[in-house]
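Novice: Got a structure for you, questions after.
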Amino acid sequence: MSGLWVFVCGPSGAGKDSVMRWAAERLHGCEEVVFARRMITRATHQGSDHDPVSAEQFAHLAVTDGLAWQWHAHGFGYGIHADYAAAVAAGRVVVVNGSREHVHAISVSQRVRVVHIEADAQHLAQRLAQRSRESPQEMAHRLARNAQIPKLHAHCTILNQGELADAGLQLVDYLRAALLLPVVSVDRANALTL
Ligand SMILES: Nc1ncnc2c1ncn2[C@@H]1O[C@H](COP(=O)(O)OP(=O)(O)O)[C@@H](O)[C@H]1O
Ligand SMILES: O=P(O)(O)OC[C@H]1O[C@H](OP(=O)(O)OP(=O)(O)O)[C@H](O)[C@@H]1O
């Protein structure tokens with residue numbers, strides 16, 4: 001069986017990190033599903049569990065085939081270590097907190113799936129304020145970015161406006177289905193033709 005990349009995308013504050021964390025806890029011990037850590041050229045903050053790297057380290061990784069995926073957003077570089085590509089080649093499902101812009105730019109293949117986490121504008125604004133990770137200007141920039149990004153064609157769309165467990169369980173169900181049927185699982189309302 002060939003593995004899959006699953007990019008979990010959506011606007012800032014939709015709950016990508018939270019839903020992924022919930023799913024990772026529920027799938028603890030399931031070796032076929034791997035939740036990728038991100039390398040980001042920014043310092044660590046409460047509420048964002050990533051590996052901080054300098055711009056020089058990021059550039060070095062990029063030119064030495066050290067990154068399976070990379071993109072830039074919000075003034076930072078984001079990278080997924082090349083080791084995860086070996087996990088996909090070995091048949092695992094590797095889940096990435098991804099970028100809508102990056103997913104638009106890559107060629108979505110049989111090995112790539114897109115999960116869209118959504119919430120309405122009011123929830124997004126409330127959650128960014130409650131998270132207190134960004135300055136008011138950075139929050140405004142993140143909210144404004146949503147209007148500039150074309151509609152995302154996703155294999156699975158999860159509305160995260162109720163209990164976190166409801167959204168988390170939908171991601172777990174999707175990942176379990178992806179493990180069994182890697183080529184199916186296309187949501188009807190937002191189907192992507194492969
Ligand atoms: N279903 C939910 N109910 C209540 N709060 C939530 C829910 N999902 C996420 N949050 C909160 O919203 C904020 C943003 O979530 P986060 O996972 O950081 O979003 P993203 O990674 O998409 O930017 C966090 O403070 C998180 O605790
Ligand atoms: O192209 P976009 O879909 O807008 O995504 C841009 C970046 O923002 C998110 O990261 P980050 O953790 O910095 O932000 P977030 O938690 O506020 O979404 C996401 O994981 C991407 O890396």
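The values are calculated or read from the model by the stated rules, or taken from the named source; none is laboratory data. It should be emphasised that the depicted structure is a prediction, and the values quoted were computed from it without experimental measurement. Backbone-built Cβ (ideal geometry, glycine too); neighbour counts: all protein chains shown.
Novice: For residues in the range 70-86 being away from ligand 1 (no atom under 16 Å from the Cβ) and in contact (Cβ under 8 Å) with a residue 24 or more places away in the chain, which is nearest to Gln148 (Cα to Cα)?
Specialist: Applying the filter and picking the extreme gives Gly77.
Novice: Filter the range 96-114 down to residues that are out of contact with any Leu (no Cβ under 6 Å at 6 or more places or on another chain) and either more than 12 Å from ligand 2 (Cβ to nearest atom) or in a loop (DSSP other than H, G, I, E, B) (or both), then give me how many there are.
Specialist: Step one: list which residues in the range 96-114 are out of contact with any Leu (no Cβ under 6 Å at 6 or more places or on another chain), which gives 96-99, 101-110, 112, 114.
Those still in the list that are either more than 12 Å from ligand 2 (Cβ to nearest atom) or in a loop (DSSP other than H, G, I, E, B) (or both) too: 98-99, 106-110, 112.
Number satisfying all stated conditions: 8.
Novice: Would you mind finding the one in Val63, Val103, Val93 that is surrounded by 15 or more Cβ atoms within 10 Å (Cβ to Cβ) and out of contact with any Cys (no Cβ under 7 Å at 6 or more places or on another chain)? Quick ask: steps written out before the conclusion?
Specialist: Working: Val63 fails: surrounded by 15 or more Cβ atoms within 10 Å (Cβ to Cβ); Val103 fails: out of contact with any Cys (no Cβ under 7 Å at 6 or more places or on another chain).
Result of the check over Val63, Val103, Val93: Val93.
Novice: Under 7 Å by Cβ, and 6 or more places apart or on different chains, what pairs join a residue from the range 97-108 that is within 13 Å of Lys16 (Cβ to Cβ) with one that is within 10 Å of ligand 2 (Cβ to nearest atom) and acidic (Asp, Glu)?
Specialist: Pairs found: Asn97/Asp17.
Novice: Within the range 32-44, can one find any residue that is more than 17 Å from Arg100 (Cα to Cα), at pLDDT below 95, among the β-branched types (Val, Ile, Thr) and not in a helix (DSSP H, G or I)?
Specialist: Yes, because at least one residue in the range 32-44 is more than 17 Å from Arg100 (Cα to Cα), at pLDDT below 95, among the β-branched types (Val, Ile, Thr) and not in a helix (DSSP H, G or I).
Novice: Could I ask something else about it? How many residues are touching a residue at least 40 places away in the same chain (Cβ under 8 Å), β-branched (Val, Ile, Thr) and touching a helix residue (DSSP H, G or I) at 6+ places or on another chain (Cβ under 8 Å) if we restrict to the range 129-185?
Specialist: Within the range 129-185, residues that are touching a residue at least 40 places away in the same chain (Cβ under 8 Å), β-branched (Val, Ile, Thr) and touching a helix residue (DSSP H, G or I) at 6+ places or on another chain (Cβ under 8 Å) number 3.
Novice: Let me ask something else about it. Taking the range 13-38 on its own, how many of its residues are under 18 Å from Arg133 (Cβ atoms) and crowded, with 21+ Cβ neighbours inside 10 Å? Give the derivation first.
Specialist: To start, the set of residues in the range 13-38 that are under 18 Å from Arg133 (Cβ atoms) comprises 13-21, 37-38.
Next cut, crowded, with 21+ Cβ neighbours inside 10 Å only: 13-16, 19-20.
Looking only at that region, the number is 6.
Novice: Condition first: in a helix (DSSP H, G or I), surrounded by fewer than 15 Cβ atoms within 10 Å (Cβ to Cβ) and near ligand 1 (Cβ under 10 Å from one of its atoms). Now tell me which residues in the range 117-170 satisfy that.
Specialist: Taking the range 117-170 and keeping what is in a helix (DSSP H, G or I), we get 121-131, 136-148, 164-170.
Narrowing the set further to residues that are surrounded by fewer than 15 Cβ atoms within 10 Å (Cβ to Cβ) leaves 121-122, 126, 129-130, 136-138, 140-141, 144, 147-148, 164-166.
If the condition is that a residue be in a helix (DSSP H, G or I), surrounded by fewer than 15 Cβ atoms within 10 Å (Cβ to Cβ) and near ligand 1 (Cβ under 10 Å from one of its atoms), then Gln126, Ala129, Gln130, Leu164, Ala165, Asp166 are the ones that fit.
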